[in-house]
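What follows is calculated from the coordinates using simple rules that are stated; it is not laboratory data. The structure presented is a predicted model; accordingly, all values stated were derived computationally and were not measured. Using ideal geometry, Cβ is built from the backbone for each residue, glycine included, and neighbour counts are taken over all protein chains shown.
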Amino acid sequence: MCPLLGGGRGRDVSLPAGLKPPRAILFDWDNTLVNTWPTIVQCYHDTFTALGLTPWTAAEVQDRAHGSLRDVFPSLFGPRAGEAEQIFYETFLRIHIERLEPLPGADALLAHCQSLGCYVAVVSNKVGTNLRAELAHLGWGKWISRAVGAKDAARDKPAPDPIFMALDGTGIAPDETVWMVGDTLADLKCAYAAGCLPVLVGGAEQLSAALLEHPPRLRARNCHELVALL
């Protein structure tokens, strides 16, 4: 069973029976803690246009743009993958900081996790240097102990390597008391591969067929509901 929490801020929600509170919470970054869809859509638009291809719509980007660029671009652009990545990052580096927008309640969620004594880290498919630049810009280092991004580990999500790197040296082994919280199938697959508890945030109430193959153990619509769950 996967409870979908209802209501909004302040709703009294408790963990399902038999599920222990988390010792560690690993968050995805893009569109889990921060809204970066406008930036991602613009980067894909500029990349497709520069290569003479028809750009994806915003809806197509949100549906298809999952996984790290080093995993996704070779299948999208073939021998021009390197050129495409360069174009993508030219746009990205120009706009990503100025357009960075925390999702509602994200800062309160992180502060609450820390107040509970949880180890908090970020596991993202955003290139690690860019991820840490955004985290520093928001001043969230006071809550987040480690940020692991694409190219930091040998493999990116959905492989479990970034989770293992995020937990390395903490004395915390991946199990059901380690939550992997994210908004995409890659996050769920990563949690399963590492042996952590998969938590889905956002998305439609009805799980897609792809998500049902790696179903979340817990769901929440937004950061406020995650706070209520904890």
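Couple of notes before you dig in:
- Beta bridge orientation in the chain: antiparallel %, DSSP, nearest 5: 10
- Here the dipole of the chain is about 400 debye; that uses its Cα centre as origin and unit charges on the Cβ of Lys and Arg (positive) and Asp and Glu (negative).
- Here the sum of -39500 (n - 2.57) over DSSP H runs of 4 or more residues, divided by the residues of the chain, equals -12000 deg cm²/dmol at 222 nm, to the nearest 500.
- Of 28, 156, 168, the sequence from fewest to most neighbouring Cβ atoms within 10 angstrom is 168, 28, 156.
- Extension reserve of the residue 173-residue 111 stretch, reckoned as 0.36 nm per residue once the Cα distance is removed: 20.0 nm
- Among 118, 196, sorting on how many other beta-carbon atoms sit within 10 Å of each Cβ, with the fewest leading, yields 118, 196.
- Here the spin labels are modelled as points 7 Å beyond Cα on the Cα-Cβ line, and at residue 62 and residue 94 they lie 2.5 nm apart.
- Each Lys or Arg adds one and each Asp or Glu takes one away; over the other residues whose Cβ falls under 10 Å from the Cβ of residue 175, this sums to +1.
- Based on the Kirkwood approach, the hydrodynamic radius assigned to the range 37-161 is 15.8 Å, with every pair of different Cα atoms included.
- Three-way shape label, the range 37-95, alpha-carbon gyration tensor, a/c 1.5: rounded
- Given the alternatives [x] 18.0; [y] 18.6; [z] 20.4, Kirkwood radius over Cα pairs in Å as computed for this entry is given by [x].
- Counting other Cβ atoms within 10 Å as a rough exposure proxy, the listed residues 157, 126, 20 run 20, 126, 157 from fewest neighbours to most.
- Among 108, 209, 154: highest mean-square fluctuation, GNM of the chain, C-alpha pairs under 10 Å: 209
- Segment residue 19-residue 136, extension gain: residue separation times 0.36 nm, minus the distance between their alpha carbons: 38.8 nm
- Above-threshold pairs, the threshold being 20 Å between Cα atoms, out of 151/189; 20/157; 20/126; 126/151: 20/157; 20/126
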